[in-house]
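The values are calculated or read from the model by the stated rules, or taken from the named source; none is laboratory data. Source: prediction; values computed, not measured. Cβ placement follows ideal geometry from the backbone for every residue including glycine, while neighbour counts extend to all protein chains displayed. We work out accessible area using only protein heavy atoms, side chains counted, and drop any ligands, DNA or RNA first. Shrake-Rupley method; radii C 1.70, N 1.55, O 1.52, S 1.80 Å.
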Amino acid sequence: MSDTYLLLNGVSKIFKDGQGGQVRAVDNVSLKIKKGEFVTLLGPSGCGKTTTLRMVAGFEVQNSGDILLEGRNINNVAAYDRNMPMVFQSYALFPHMTIFENIAYGLKVRKVPKDTIRNDVAQACQMVNLTGLEKRYPGELSGGQQQRVALARALVLKPQIMLFDEPLSNLDAKLRIQTRSEIMRVQQMLGITALYVTHDQSEALSMSDRIVVMNQGKVEQFGTPEEIYAAPATPFVADFIGNANFINVTVRKDGADTLEVEVQDTALMVPKSPDESYGEGEELILAMKPESMDICDEETGFTGTMELISYLGATTEFKIEFNGTFLTVIHTNTGAKDARKFQTGDRVNLRFEPDAFQVYRS
Amino acid sequence: MSSPKNAPALKAPNPFYQLTREPLLLAAVLFLLVLLGLFILYPLFEVARMSLTAKDGSFTSEVYEYVFTHVRYRKAIRNSVLLGVIVATTSTFIGYVFAFSLTRAGIRWKKFFNTMAILPIISPPFMFALSVILLFGRNGLITAGLLKLDVTGLYGLRGLVIVQTIGMFPMAFMTLSGILQGIDPDLDTCAMNLGAKKGRAFFTVTLPLSLPGIFASWLIVFVGSLTDFGNPIILGGDFDVLSVQAYLEFTGMGNLARGTALAILLLVPTVAVFFFQKYIMKNKTYTTITGKSSRRGVVVVGPVVKNILFAFCLLFSAFVLMFYITIISGSFIKLWGINWSFTLEHFSYSWDVGLKTMRNTLFLALISTPITAIMGMVIAYIVVRKKFPGKHLMEFLSMLSYAIPGTCVGIGYILAFNKAPFKLSGTAFILIACYVFRNVPIGVESGIAALKQISPDIEESSTNLGGDSSYTFRNITLPLIRPSFFAGATFAFVRSMTAISAIIFLVSARWNHMTVLVLAQTEIMRLGVASVMSFALIVVLLAVIMVIMRLTGLKQSQIFGTTK
């Protein structure tokens, strides 16, 4: 494929687990990333996302598989020759150097003339609003400013590709959202290809062109945020991205693009892919998005017991005991006292929107 | 779940990967292992071999049987242990009170007490023994002069407990203030918040949390007392201890085999403690730091306790200070206890007798210090940052010499290096080697601590920005470990200048050491001259430390790693 910029082909990494055994931290991962694309590696801690990033950066050597940049195999290119500046979770600023020296570091290594260094650093500082702080030391800056130094230190090299290792996880919530858009702005402006590691699904959904959901070293799904949210390929993705509720259902009747399943002796129509066919009586897992469910006053045939009500402002989150499991339902508040008419212990009727469902074979 | 079909064949990680890719690393590792083997293991092996070899060259354990069946040696063993137990207990107690007062109680004059608790470290080994003779001896200022007592019980256990406690409580203090600073004051606050009174909070939270530290410090002082040579040779009297017995047997009576056997008897407990510390205690320390601590300097004692602690620190500091003042006064008194008139003749005599030795002592310490510090830092760097088989052996060997009593090292070096192919005895080289390998653990330890504080992220970040490993080492790692490098160097320097137990075996007429000279003067009761020389040694030490601090911008707390 000609428009592939970064290619990972069957990349695996094994670590020793300390008891003489081996752990496949990254297991046969293949990815094709296009030029200028913002791709996020998303997953819980220990899923192999950071190890994958570190292999791209050259800090870890894969046990098998190839990494290609613009069609060129970079397996044997040393980390310091890869020219893929990375923003670290800890920022990794050099504590004994000023902000200027920190940002100029990569240029100095490349023996760029002093005048050019001064211009480029000034430009990078301007780009991330650091002008005026050049003479300070990292210890004298706030977390947000340190983060921007780390960003400037990478940007000043005018890279084609940048790597991010959970760069926002040490910022407070408000600053995190601000910095998200700052990173996106610069990345789009300069047309940089970005490989971004995070465990925060809202960060991934809001920033990425495409998301790689990883679990236990494997790629669960690779797609646009919309695809991953609307049609999670596996129960893991449904859970990790959409915090889905899972219940066991039995197939009653298989249709062309719908499936009739049975829950609590009541029939429920579920959309399905036309390529799949299911046998009558087959046990399936049904995933339901909390925000596509609601409670209502009318009889729906599905009743549960209200266990917990958390008022969150725009929405209210209910925990409802249903069929032996607990379901999370997110209700959008309309009036001031809208959600307050319910109390724990109430019997409530559940309503599902058709797009709430996704079925998986168990 | 991946079927074996699509799982690619995986190469087993090659343990020699880094070594084969970096020839410089391979060369350094081999070179260091050979040096450590030659100067740490080989002499030890020679000591053990000598103690187990009969006159005709065959294997025998009869020397040990002799030692264990004769009252003189059994008594020396018992005495050494008894002294060690008492001194470890008193020193740890005093060290704990100091450490607690300075880190937790918020008492006044912190800086002064801190200095008093460090000063004994930079003092010649038997300076306190000398002082104690001047103060409490047969012609002592206090005993004979003020109280008109005829004291004879000073030599032996009583005197040794006093001088070793003063000399060794700083070790306990430094260990314990580190431990106490690691205990989050929020825990105390929390205990009080849960209803515990201040005293109860201390006994239920702080004290239990510092128990591993107390135990560790007790062991460190115990070993220190056991292997101390300078104090017992002066103040021991007929209270025989192992280190002195080993020395006397080996050099005085020419009974080499019995000397080595006694040295091995010293080695066994120290190595046992070393192993215990390194491999058992390591997992026993509590980690209390979880989450963000407010780290406020909470004062966790009431005003009464605070005053008691202050008074204790003040009294003990005054006691320590008195010993220094005594030495200084002793330098100017004609004949202590008999003729109290002022004189400078001890100075002129010391100048004539000691100048060359002082120059040599300083010269050898200044040569060996940078070698020690650089070697320690290189070992630390390799151990922390590189992966290769034999890495743990290297760390173990470099730390092992901490555990080897000086007496053992001295005897070992004589046995190992007085014959071809390593004929070194009588040269400056053997003394330098002795300093370097005795002190290299200091460099290694401070280097490891410093490197572990630098997160690998920072070095990786440099690599990521284009710096190869030598560029990164020069521009990032080296500047960041600079303070601990100089701290380690300073400590190594102090230890070289105040060494005695090993080098007393190795000095020669050409290359003498100040401490050995002071010992000789003390033995012939030239106490005035001995005072001058001890005093001079401290002055030279302080001057060099001051110069290092000035040149590097380091503070006292950075070098001796105590309370800030």
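For A:Leu155, the solvent-accessible surface computed with a 1.4 Å probe is close to 10 Å², ligands and nucleic acids excluded. The separation of region A:160-188 from region B:447-492, counted between C-alpha centres, amounts to 28 Å. Take the Cβ-Cβ distance between A:Thr303 and A:Val23 as r, set R0 to 56 Å, and report the resulting FRET efficiency rounded to the nearest 0.05. Computed FRET efficiency for A:Thr303 and A:Val23 comes out at 0.80. In terms of its alpha-carbon gyration tensor, chain B comes out oblate; a/c meets the 1.5 threshold, while b/c is at least as large as a/b. Pairing chain B with chain A buries about 2600 Å² of accessible area. This figure sums both sides and uses a 1.4 Å probe. Here the spin labels are modelled as points 7 Å beyond Cα on the Cα-Cβ line, and at B:Leu33 and B:Leu321 they lie 5.4 nm apart.
Extension gain, A:Thr131 to A:Asp66: 0.36 nm times the residue separation minus the Cα-Cα distance gives 19.3 nm. In this structure, the amide hydrogen of A:Gln358, modeled 1.01 Å from its nitrogen in the peptide plane, lies closer than 5 angstrom to those of A:Ala287, counting only residues at least 5 positions away or on a different chain. Derived scalar couplings between HN and Hα for region B:318-326 equal 4, 4, 4, 4, 4, 5, 6, 4, 4 Hz in order, rounded to whole Hz, by the Karplus curve 6.51 cos²θ - 1.76 cosθ + 1.60 (θ = phi - 60°), x for Gly and Pro.
Derived scalar couplings between HN and Hα for region B:411-419 equal 4, x, 5, 4, 5, 7, 10, 10, 9 Hz in order, rounded to whole Hz, by the Karplus curve 6.51 cos²θ - 1.76 cosθ + 1.60 (θ = phi - 60°), x for Gly and Pro. When the listed pairs A:Lys16/A:Lys49; A:Lys108/A:Lys158; B:Lys110/B:Lys306; A:Lys13/A:Lys49; A:Lys49/B:Lys387; B:Lys198/B:Lys306 are checked against a 20 Å cut-off, the alpha-carbon distance exceeds it for A:Lys49/B:Lys387.
Computed with every protein chain present, the accessible area of A:Ser206 is close to 60 Å² [probe 1.4 Å]. Among B:Phe505, B:Phe363, the sequence by solvent-accessible area, most first, with a 1.4 Å probe is B:Phe363, B:Phe505.
Each peptide in B:75-82, A:108-115, A:236-243, B:404-411 was scored by the mean count of other Cβ atoms within 10 Å over its residues; highest first, the order is B:404-411, A:236-243, B:75-82, A:108-115. Take each residue of peptide B:454-460, count the partner chain Cβ atoms within 10 Å of its Cβ, and average: the result is 5. The distance separating the Cα centre of region A:296-362 from that of region B:63-126 comes to 70 Å. Note on B:Lys452 and B:Gln181: their simple-model spin labels are 1.5 nm apart, each label 7 Å out from Cα toward Cβ. Going by accessible surface with a 1.4 Å probe and the largest first, A:Glu280, A:Glu37 read A:Glu280, A:Glu37. Between the C-alpha center of region B:39-58 and that of region B:371-390 there is a gap of 30 Å.
Net charge dipole, region B:57-123: roughly 460 debye, given to the nearest 20, about the Cα centre with Cβ charges of +1 for Lys and Arg and -1 for Asp and Glu. Only one residue of B:Ser61, B:Met127, A:Leu268 has its Cα farthest out toward the positive end of the dipole of the protein assembly as shown, where Lys and Arg carry +1 and Asp and Glu -1 on Cβ, and that residue is B:Met127. Placing +1 on the Cβ of every Lys and Arg and -1 on the Cβ of every Asp and Glu, with nothing else charged, gives the protein assembly as shown a dipole about its Cα centre of roughly 4780 debye. In region A:28-66, comparing the full protein assembly with the chain on its own, the residues that lose 20 Å² or more of accessible surface at a 1.4 Å probe are A:Asn28, A:Arg54, A:Phe59, A:Val61, A:Asn63, A:Ser64.
Think of the protein assembly as shown as having a plus end and a minus end, set by charges on the Cβ of Lys, Arg, Asp and Glu; of B:Val494, B:Ala191, B:Tyr247, B:Tyr247 sits farthest toward the positive end of this dipole. Placing B:Tyr279, B:Tyr471, A:Tyr5 in order of accessible area, with the largest value first and a 1.4 Å probe, yields B:Tyr279, B:Tyr471, A:Tyr5. Quick one: 3J(HN,Hα) in Hz for region A:174-183, Karplus 6.51/-1.76/1.60 with θ = phi - 60°, rounded, Gly and Pro as x. For region A:174-183, the Karplus-derived couplings read 5, 5, 4, 5, 4, 5, 3, 6, 5, 4 Hz, x marking Gly and Pro.
Given R0 = 51 Å, the distance between the Cβ atoms of B:Asn418 and B:Thr89 translates into a calculated FRET efficiency of 0.80. Here the spin labels are modelled as points 7 Å beyond Cα on the Cα-Cβ line, and at A:Lys108 and B:Phe45 they lie 4.7 nm apart. Taking amide hydrogens as placed 1.01 Å from N in the peptide plane, the amide H of A:Lys35 sits under 5 Å from those of A:Tyr5, each at least 5 positions away in sequence or on another chain. For a Förster distance of 51 Å, can you work out the FRET efficiency between the beta-carbons of A:Phe15 and A:Lys174, rounded to the nearest 0.05? The value I calculate is 0.90.
Using a 1.4 Å probe on the protein chains only, how many percent of the accessible area of the protein assembly as shown belongs to carbon and sulfur? C and S fraction of accessible area: 60 percent.
Amide H contacts of A:Val197 (H built 1.01 Å from N, in plane; Pro and chain starts excluded): A:Leu41, A:Phe164, A:Asp165, A:Glu166 sit under 5 Å, all sequence-distant by 5 or more or on other chains.
Per-residue SASA remark: B:Trp109, around 140 Å² accessible (1.4 Å probe; ligands, DNA and RNA not included). Heavy atoms of the protein chains alone define the surface here; on that basis the protein assembly as shown has 45 Å² accessible area per residue at 1.4 Å probe size.
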